[in-house]
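Working notes, beginning with the structure itself.
The values are calculated or read from the model by the stated rules, or taken from the named source; none is laboratory data. None of these values were measured; they are calculated from a predicted model. No Cβ is skipped: glycine too gets one built from the backbone with ideal geometry, and neighbour counts run over all protein chains shown. Ligands, DNA and RNA are excluded from the accessible area calculation, which covers all protein heavy atoms including side chains. Shrake-Rupley method; radii C 1.70, N 1.55, O 1.52, S 1.80 Å.
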Amino acid sequence: MAGIIEEILKNKEEIIVALLKVLEGKETRARVRLDGVRFNVGNSVVKMEGAVEFTFVPIEDRKK
């Protein structure tokens, strides 16, 4: 499973930019294109197309 996620996120700079915004305390979204992503599952090859959108929300300060 980790290999699949790694393949999907490989070379997706949008994710890094979004995570930096979360570290600044901002909610942000990153849209990742999946066109051309291929990986093997057993003897099968999976090809992906389309996009997935991630929403990153900073963790609130629990001391409030």
Residue in the range 32-64 that is modelled with the highest pLDDT, counting only those that are basic (Lys, Arg) and closer than 12 Å to Ile8 by Cα: Lys47
Working only within the range 11-37, note down all residues that are in contact with a strand residue (DSSP E or B) (Cβ under 8 Å, 6 or more places away or on another chain), open to solvent by 50 Å² or more (accessible area, probe 1.4 Å) and in contact (Cβ under 8 Å) with a residue 24 or more places away in the chain. Leu19, Lys21, Glu27, Arg29
